[in-house]
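Visitor: Following this message is one structure expressed as structure tokens.
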Amino acid sequence: METEKTALYEFNKNIGAKFVPFAGYEMPIQFSAGIVEEHKSTRNEAGLFDVSHMG
């Protein structure tokens, strides 16, 4: 069965996301900048969580 891709799939792919299948979707779990940079960006700027897979 092929997995679905969320509206943010291409954006996440372009910034170096690593994906895993989850609930029938390709979901990003890690980005090329690393978890520390992701944490800093979320604390200092903003974070975005894609819930498209939740219906």
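Visitor: What's the number of the condition Ile15 fails, among (1) touching a helix residue (DSSP H, G or I) at 6+ places or on another chain (Cβ under 7 Å); (2) at pLDDT below 95?
Guide: (1)
Visitor: Within segment 11-29, restricting attention to residues that are under 10 Å from the mean Cα position of the chain (by Cα) and in a helix (DSSP H, G or I), which residue is surrounded by the most Cβ atoms within 10 Å (Cβ to Cβ)? Working first, answer last.
Guide: Going through segment 11-29, the residues under 10 Å from the mean Cα position of the chain (by Cα) turn out to be 11-13, 15-20, 26-29.
Still in the running and in a helix (DSSP H, G or I): 11-13.
Values: Phe11: 13, Asn12: 18, Lys13: 14.
If we take residues in segment 11-29 being under 10 Å from the mean Cα position of the chain (by Cα) and in a helix (DSSP H, G or I), then Asn12 is surrounded by the most Cβ atoms within 10 Å (Cβ to Cβ).
Visitor: Scan segment 18-55 residue by residue and report those that are touching a His at 6+ places or on another chain (Cβ under 6 Å) and at pLDDT 95 or above. Give the steps one after another, and end with the answer.
Guide: Here is the first cut: in segment 18-55, the residues touching a His at 6+ places or on another chain (Cβ under 6 Å) are 23, 25.
Scanning segment 18-55 gives a single hit, Tyr25.
Visitor: For segment 30-55, how many residues meet the condition of being surrounded by fewer than 10 Cβ atoms within 10 Å (Cβ to Cβ) and under 27 Å from Met1 (Cβ atoms)?
Guide: Selection size over segment 30-55: 4.
Visitor: Of the numbered conditions (1) more than 11 Å from the chain's Cα centre (by Cα); (2) of a type outside the set (S, T, N, Q); (3) part of a strand (DSSP E or B), His39 fails exactly one; give the number of that condition.
Guide: (3)
Visitor: Follow-up question, since we're still on this one. Based on what the data block shows, is Ala23 at negative phi and among the hydrophobic types (A, V, I, L, M, F, W, C)?
Guide: no
The values are calculated or read from the model by the stated rules, or taken from the named source; none is laboratory data. This one's a predicted model, so the numbers in the text were calculated from it and none came from an experiment. No Cβ is skipped: glycine too gets one built from the backbone with ideal geometry, and neighbour counts run over all protein chains shown.
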